[in-house]
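These notes are about the structure you will find just below.
Just so it is clear, none of the values below were taken in a lab; they were calculated from the coordinates. Predicted, not measured: the structure shown is a model, and the values here were computed from it. For neighbour counting, all protein chains shown are included, and Cβ atoms are generated from backbone atoms with ideal geometry for every residue, glycine included.
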Amino acid sequence: MMPVLSIPTLRSGLPDCRSSDLNVPVHRQLWLFIEDIVTRIQDETEGVPIRTVKSFMTKIPSVVTGADIVQWLMKNLTVEDSAEAMHIGSLIAAQGYFFPISDHVLCLRDDGTLYRFQAPYFWPSNCWEPENTDYAIYLCKRTMQNKTRLELADYEAENLARLQRAFARKWEFIYMQAEAQVKIDRKKDKIERKILDSQERAFWDVHRPVPGCVNTTEMDIRKCRRMKNPHRVKKSVYGVVEEGTQSQSPIHTSLHHCRKGTKEDVEKEILFLNTQLDRHCLKMSKVAESLITYAEQYMEYDPFVTTPEPSNPWTSDDPTLWDLEMSKEPSQQRVKKWGFSLEEALKDPVGQELFLKFLESEFSSENLRFWLAVQGLKSVPQQDVAQRVQDIWAEFLAEGAPSSINLDSHSYEITSQNLKDPGRYSYEDAQDHIYKLMKSDSYPRFLRSSVYQDLLMARKKPETEQGRRTSLEKFTRSMGKSLTGKRLTGLMQSS
Amino acid sequence: MCDQTFMAATFGPCDSCSKASPLMNIYIKSEAINYCSFCVEMMACQGLQKGETLATLKKESENLKKKLEEERGKLNDIELHQVAEKVEAVAALSLKTRRVLKGHGNKVLCVDWCKDKRRLVSSSQDGKVIVWDAFTLNKEHGVTLPCTWVMACAYAPSGCAVACGGLDNKCSVVPLSLDRNENLAAKKKSVAMHTNYVSGCSFTNSDMQLLTSSGDGTCALWDVESGQLLQSFHGHTADVLSLDLAPSETGNTFVSGGCDMKANVWDMRSGQNIQSFESHESDINCVKYYPSGDAFASASDDATCRFYDLRADREVAVYQKDSIIFGASSVDFSLSGRLLFTGYNDYTINVWDVLKGTRVSILLGHENRISRVRVSPDGTALCSASWDNSLRIEGTGPRGNPTHPAPQLHPPAHSGRSQSVPRADRIYSPSNKFLVFPWVFSQWEWLGKSSKGSALEPS
């Protein structure tokens, strides 16, 4: 038996979508994937068996069962779950690549329901945007054929009535077209006609879906606008020529401007590439380690990974957690977080306040106040910027400033230069310098200080006022982070 | 200039000014270039700058690209998922729909959380912007914009205003007042102006500055009070579809992604493009920073999501699966950065283990394409906006016991038709199947009305 090709290898073998020509249909990539699957599923040896099913008095030609398709998808797309395979199958059906032979709703069911494959002529990659005239001809034709299987559904009858009103003046033309179509159809072989009829119906089920079904031909407007869209010109399914070509909707007129590489662009690119080459980059192993460390450090703060205490407000409908987060009394978990980095400590208003108090006790609070003032400068309205820059200078840097900060001569030089043209970022260098100073000097001392350590330790003691429930939680936690423990907490919260 | 010879003229785009015009084939140091007569004159006047023609520049740029690739290749000593093998696997997620927000009359296109962790702003195709208290399901404010397809909305950090924009090529800021009867649309102030649709917007760390991305291929930073353009960011060669601000307060950078399949990292102060990543094979629909600010993820129409690290300056992981063939529209990280939530055009949300690169869970629930997924500021919930006119809020549930599947099943009384529709109102994870069945019954009827109306307007 031939080994089944897996999708990744096929994906790489697909035509290159990165062509510079952006005027490709919006769903091109998707259609490539789907058409590849649909071609494989119809393969004589590797695909699903396409059969003729005998039912009472009649034969149903070239059909497959829904269960077969689901099985095939599970095997060939490595899907573990039949519900997921059914979902994917339904979406492919909704795009119009296969359809149930006796239902207008295009979806896949995992049972004996019979499905047929769509003719490539009707595939959406042909960029159909059929006219209502075509739809009218089609519905009209169905009423003439006088067969039970072609009888109009209620919604189709309603549509027909509506179209007849809208196209009252050219209804004669539409009627004639439909008659001609029927005549041609009658000459065809009976089995062939049966198949063609169903494929045509499925085509309209995609483009004029049953009310309540998702219209898969709707497009993202962002993607329509960027191209002139030569592929999606309206064309008639039945070769009907409209008198007076329709003016296209405004969404098709917007141009996509792709700049050609001029000399300046290339020069810019070279400059960019050179700076990239100069950039110092980390080795992958180091980056991976750092990503892992970060995730592990913050795991206990992630409600999707660790169940939060006392409870997730969305689950328990109890907003206590948010009240606690807002409170001035930080939890031990929160205090612990301030130890991760200076940034974390400054992010939390309570942590920031505590750090400021600590600095005050050390007589170096001007550093943090300067940093905060510069931070604030970045978020004032443009018109206040110049004034604020002056204020900060007077407060922290001018001769005899009330809370003078210590800058190295280099940063001081740059900053005083910047002051000639005051802006939001005039103090960037000075701020950076001060931040590094705090981080390497006062912050480690803060973490060792009794202010911080006391808070960290105090919060570790079990609190009694929360009562039995909390103590039970502490008990389960003390059992280690075993699964049983987690399950207990879960049970408690669900009760 | 001595080795120039003029040859027969042809017609085509000029190598220098790229206008289509009659060309002169000239040879400089035996290298053929095609310039129009105007550019030849210009060149003759300026003199050849050491033979720096477009062709040689292009060659130089190609060489640099190769060199850069080599350099980066040297640092690629191991793959992320190999290092992550030692890491403990994340426990099976049991996510459950906690709230369903209904009220939009058409596709919901964007959503943003308020810093208070419970309020949301969402925008829709019908031009409406709604501010919700998602916790109580109350609609607190509603604004109608004079255009359809409001593709971007953002909550101000103070919670006192929202920004929104779309096909009107503008981004407007609407202050939220406590008085519910006040007409908010009257207080609307347009801040940003682009020459094409606004695809994304975000306040910087204050209410006073607004960052926008647009279909005109640029991003821009605006002063809210005066509407003044503070900085513009040029570099994308096609529509910019998404942007995300670096999470750190000091990091003055943001990342943007667009139809040119590139993700660019920008310095807000200088307007410079600092880093650029190009490995997607189709439009990048969404970009989102990793919570540490050292990396970011992107979602693309090529049905993959990718993870780029700024320190390694390269792609470090790809999240894809054989069964995922529809484009990814949106990404967001859980608080620890361990989980990546991705919304797809196939109506599903997949949850990936960022480190191991495996899919942890899949959520079915929406009945049309997912337009946006956003994790709440404290990481307790995931909000998803969809083309099915609704928003859903998913939260972690009590952990299920894998040995006892499906706690209780309440299938609704199906009508004949909806039974044949894939039953989407359930959430399960591959490892512990069918944990929850929140049968929130679907709104087929009114969905139907809208689709019927649009399909049958006589053209």
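Please list the non-local residues whose amide H lies under 5 Å from the amide H of B:Ala381, H modeled 1.01 Å from N, same-chain partners needing a gap of 5 or more.
Under 5 Å from the amide H of B:Ala381 lie the amide H atoms of B:Ser376, each far enough along the sequence or on another chain.
Report the per residue volume, in Å³, of the convex hull enclosing the C-alpha atoms of region B:80-396.
Spelled out: Cα convex hull of region B:80-396, divided by residues, is 116 Å³.
Calculate one ³J(HN,Hα) per residue across region A:59-76 by plugging θ = phi - 60° into the Karplus curve 6.51 cos²θ - 1.76 cosθ + 1.60, and present them in order as whole Hz with x for glycine and proline.
10, 9, x, 5, 10, 10, 8, x, 4, 4, 5, 4, 4, 4, 4, 4, 6, 8
Which residues does a label at B:Ser190 reach in region B:116-157, if reach means a backbone N under 13 Å from a point 7 Å past the Cα toward the Cβ?
Output list for this probe position: B:145-148.
Using DSSP to call loops (not H, G, I, E or B), can you name the GluC sites (Glu not before Pro) in region A:34-78 whose Cβ has at most 16 other Cβ atoms within 10 angstrom?
A:Glu44, A:Glu46
Distance in nm between label sites at A:Glu399 and A:Ala119, each 7 Å beyond Cα in the beta-carbon direction?
It is 9.4 nm.
Can you sort A:Trp123, A:Trp322 by how many other beta carbons sit within 10 Å, fewest first?
A:Trp322, A:Trp123
Considering only DSSP states other than H, G, I, E and B, which trypsin sites (Lys or Arg not before Pro) in region B:75-118 qualify as loop sites with at most 15 other Cβ atoms within 10 Å? Before the final figure, lay out the partial values.
Values: sites: B:Lys86, B:Lys96, B:Arg98, B:Arg99, B:Lys102, B:Lys107, B:Lys115, B:Lys117, B:Arg118; in loops: B:Lys107, B:Lys115, B:Lys117, B:Arg118.
Listed in order of number, the matching sites are B:Lys115.
Separation between the A:Tyr175 and B:Asp267 pseudo-spin-labels, each 7 Å from Cα along Cα→Cβ, expressed in nm?
Result: 7.6 nm between the two label points.
Which ordering of A:Leu372, B:Leu245, B:Leu210, A:Leu342 is given by a fewest-first count of other beta-carbon atoms within 10 Å?
Lowest count first: A:Leu372, B:Leu245, A:Leu342, B:Leu210.
Is the shape of region B:257-382 best called rounded, prolate or oblate, per the rule: a/c under 1.5 gives rounded, else a/b larger than b/c gives prolate, else oblate, with a ≥ b ≥ c the square roots of the Cα gyration tensor eigenvalues? Display every interim value, and only then the final one.
On the way: a/c = 1.67, a/b = 1.38, b/c = 1.21.
Since a/c reaches 1.5 and a/b is larger than b/c, the shape of region B:257-382 is classed as prolate.
Taking the Cα centre of each part, how many Å lie between region A:160-231 and region B:108-181?
Between the Cα centres of region A:160-231 and region B:108-181 lies a distance of 39 Å.
Pulled fully out, how much extra length does the chain show between A:Val451 and A:Gln164, if you take 0.36 nm times their separation in residues and subtract their Cα-Cα distance?
Taking 0.36 nm per residue and subtracting the Cα distance, the gain is 95.0 nm.
Give the residues of region B:332-353 whose amide nitrogen is closer than 16 Å to a point set 7 Å from the Cα of B:Glu79 in the direction of its Cβ.
Under 16 Å, as judged by backbone N against the label point of B:Glu79, lie B:353 of region B:332-353.
Quick query: amide H of B:Arg314 versus all other amide H atoms, modeled in the peptide plane; which residues come in under 5 Å with a sequence gap of 5 or more or a different chain?
B:Asp309
Using alpha carbons only, what's the Rg to Rh ratio of region B:113-159 with Rh from Kirkwood?
Computed over Cα atoms, the ratio is 0.98.
Search the structure for amide H atoms under 5 Å from the amide H of B:Leu230, placed 1.01 Å from N in the peptide plane, and list their residues when 5 or more places away or on another chain.
For B:Leu230, the qualifying residues are B:Leu221, B:Trp222, B:Asp223.
With label points built 7 Å along Cα→Cβ from the Cα atoms of A:Asn406 and A:Ser82, find their separation and express it in nm.
For the pair A:Asn406/A:Ser82, the computed spacing is 7.5 nm.
What are the ³J(HN,Hα) values, in whole Hz, obtained from phi via the Karplus relation 6.51 cos²θ - 1.76 cosθ + 1.60 with θ = phi - 60°, for each residue of region B:77-82 in sequence order, with x given for Gly and Pro?
Result, ordered by residue: 7, 7, 8, 4, 5, 5 Hz.
Suppose R0 equals 35 Å; then what is the FRET efficiency for B:Glu69 and B:Ala89 from their Cβ-Cβ distance, rounded to the nearest 0.05?
Rounded to the nearest 0.05, the efficiency is 0.55.
Quick check: the distance between the Cα centres of region B:315-381 and region A:360-381, to the nearest angstrom?
Between the Cα centre of region B:315-381 and that of region A:360-381, the gap is 39 Å.
For each of A:Thr262, B:Thr97, count neighbouring Cβ atoms within 10 Å of the residue's Cβ, then give the residues from fewest to most.
Lowest to highest Cβ neighbour count: A:Thr262, B:Thr97.
May I ask you to derive the relative contact order of region B:80-396, considering only C-alpha pairs under 8 Å and at least 6 residues apart, and to give it as an integer percent?
15
Enumerate the calculated ³J(HN,Hα) couplings along region A:171-188 in order (Karplus 6.51 cos²θ - 1.76 cosθ + 1.60, θ = phi - 60°), each rounded to whole Hz, writing x wherever the residue is Gly or Pro.
Whole-Hz 3J(HN,Hα) from phi for region A:171-188: 5, 4, 4, 4, 4, 4, 4, 4, 4, 4, 4, 4, 4, 4, 4, 5, 6, 7.
Within 11 Å, Cβ to Cβ, of A:Glu46, how many net charges do the neighbouring residues add up to if Lys/Arg are +1 and Asp/Glu are -1?
The answer is 0.
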